[in-house]
1. Which semi-axis lengths, in whole Å and largest first, follow from the square roots of five times the eigenvalues of the Cα gyration tensor of region 186-296?
2. By how many degrees, 0 to 90 and rounded to 10, does the Cα axis of helix 10-25 deviate from the longest principal axis of the chain?
3. Given Cβ point charges of +1 (Lys, Arg) and -1 (Asp, Glu) and nothing else, what value in debye, to the nearest 20, does the dipole of the chain about its Cα centre take?
4. Sort region 257-312 into rounded, prolate or oblate with this rule: let a ≥ b ≥ c be the square roots of the eigenvalues of the Cα gyration tensor; rounded if a/c is under 1.5, and if a/c is not under 1.5, prolate when a/b is larger than b/c, oblate otherwise.
5. On average, how much accessible surface per residue is there in region 186-296, in Å², for a 1.4 Å probe, leaving out ligands, DNA and RNA?
6. Would you kindly state how much longer the chain becomes between ARG256 and GLU122 on full extension, computed as 0.36 nm times their sequence separation minus their alpha carbon distance, in nm to one decimal?
7. Please give the net charge around GLY66, taking every other residue with its beta carbon less than 11 angstrom from that of GLY66, where Lys and Arg add +1 and Asp and Glu add -1.
8. How far apart, in nanometres, would the label points at HIS22 and ALA247 be if each is projected 7 angstrom from Cα along the Cα-to-Cβ direction?
Amino acid sequence: MTSHASPLPDALRQQLRAWRRHLHQHPEISFQEHQTAAFIRAELERMPGLEVSQLTPTSVLAALRGEAGPGRTVLLRADIDALPIEEENTFEFRSQNAGAMHACGHDGHAAILMGAAQLLSEARAELSGEVRFIFQHAEETPPGGAEELVFSTPLMDGVDISLGLHLLSFYPAGVVAVRPGMFMASPDSFQLTIRGRGGHGGMPEQAVDPVAIGAQVVTNLQHVVSRAISPFEPLVVSVTQFHAGTADNIIPDTARLAATVRVFSPEMRERAPQVLERVIAGICAAHGAEYEFEYLYAYRPVVNTDWVAAELSEVARAVVGEDRVIQAGMWAAGEDFSAYLQKSPGCFFAVGSGSPQANSEWPHHHPRFTLDESALDTGVQMMVAAARYFTARDPQ
Ligand code: NI
């Protein structure tokens with residue numbers, strides 16, 4: 001295997017691990033990242049040439065102007081929030097905050113972006129254009145931090161390209177995975193209340209049974225997925241809650257259902273609620289029930305810009321070597337990185353963090369989740385190389 005990027009200085013490699021472990025030990029969940037933001041801010045303020053500010057209470061922005069002349073403005077994003085999970089790891093830097101844990105790798109994302117900021121700030125004499133490092137709060141909880149930063153602050157003014165990465169435990173450490181076009185899903189959902197008419201369990205003819213009607217709804221929604229939608233248009237509908245009834249001899253008045261709906265394209269995102277409600281309305285009408293259908297839009301799907309993904313793949317080949325760059329599969333998780341892509345072209349990509357040696361192949365959001373820390377080095381090398389490459393091109 002050939003790697004073309006020069007290895008990071010030892011001191012920086014140690015620093016990355018120290019940053020990541022500090023953040024891992026002190027996790028804060030969405031919209032509460034006060035200590036996290038203060039820590040990141042203090043570290044960034046020690047680096048030369050960075051203009052550090054906070055556009056929201058728990059995010060941090062650092063802007064770096066290159067001194068080598070005009071070029072593009074490139075936004076690099078890391079998310080910094082933790083999850084409400086009780087950590088089960090036993091290493092010495094495990095979470096000290098009960099009920100909170102960095103179980104998705106955002107501690108690593110923050111450390112990587114701090115490392116990239118340090119290297120690029122030291123090399124600003126050879127850098128053109130501008131780099132904005134955004135340490136974003138609240139990725140895990142809709143409406144999310146990106147929505148606020150992108151649509152309610154000047155963050156995106158003049159940004160030509162947005163880039164972000166996610167460490168992924170299901171790819172081996174050292175691998176970079178890029179996908180043009182549709183990459184991640186919209187994690188939308190709905191709540192459904194079916195209103196029938198309660199009665200005696202032995203005399204169903206006097207009642208309208210919301211349990212039997214709800215059961216029809218659950219199976220028919222899968223019929224939509226398999227029969228009304230093309231197999232080439234991914235759609236996941238999982239009814240995950242079904243609450244009704246109090247006793248075995250009573251037909252209840254109502255049944256409450258909830259479901260997650262995952263789509264990968266803006267077109268399907270518009271179409272899905274209409275098709276789903278049509279089926280629900282038809283079944284309820286057929287059986288004399290009424291319903292309330294509340295559709296909740298979470299994050300937009302992540303659709304990468306084809307040309308940015310293609311050029312980023314070239315950058316990755318130069319950084320980690322041809323044989324360690326793969327095309328990422330579609331991933332049915334959601335990500336508010338999609339908000340940045342509403343305002344600029346860009347690409348969200350993956351850096352593998354799984355390895356048996358580091359015991360870091362646990363799934364994301366698992367209480368044993370952790371990172372192979374060599375992925376921090378790969379992440380920094382990717383961010384630095386991508387920032388240099390994309391800033392150097394003429395502004396559009
Ligand atoms: Ni995540």
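The values are calculated or read from the model by the stated rules, or taken from the named source; none is laboratory data. These figures come from a predicted structure and were not determined experimentally. FYI the Cβ positions are ideal-geometry reconstructions off the backbone, even for glycines, and counts take in every protein chain you see. What goes into the accessible areas is simple: the full protein's heavy atoms, side chains included, and nothing from ligands, DNA or RNA. Shrake-Rupley method; radii C 1.70, N 1.55, O 1.52, S 1.80 Å.
1. Details: eigenvalues 166, 32, 23 Å².
Output for region 186-296: semi-axes of 29, 13, 11 Å.
2. 30 degrees
3. On the way: 28 positive and 47 negative charges, 85 e Å.
The dipole of the chain has a size of about 400 debye.
4. Numbers: a/c = 5.23, a/b = 3.33, b/c = 1.57.
Note, shape of region 257-312 comes out prolate.
5. Details: 5930 Å² over 111 residues.
The answer is 53 Å² per residue.
6. Values: separation 134, 0.36 × 134 = 48.24 nm, distance 5.74 nm.
Separation in residues times 0.36 nm, less the Cα-Cα distance, equals 42.5 nm.
7. Working: positive: ARG65, ARG72, ARG124, ARG388; negative: GLU67, GLU126, GLU130.
So the environment of GLY66 carries a net charge of +1.
8. 6.2 nm
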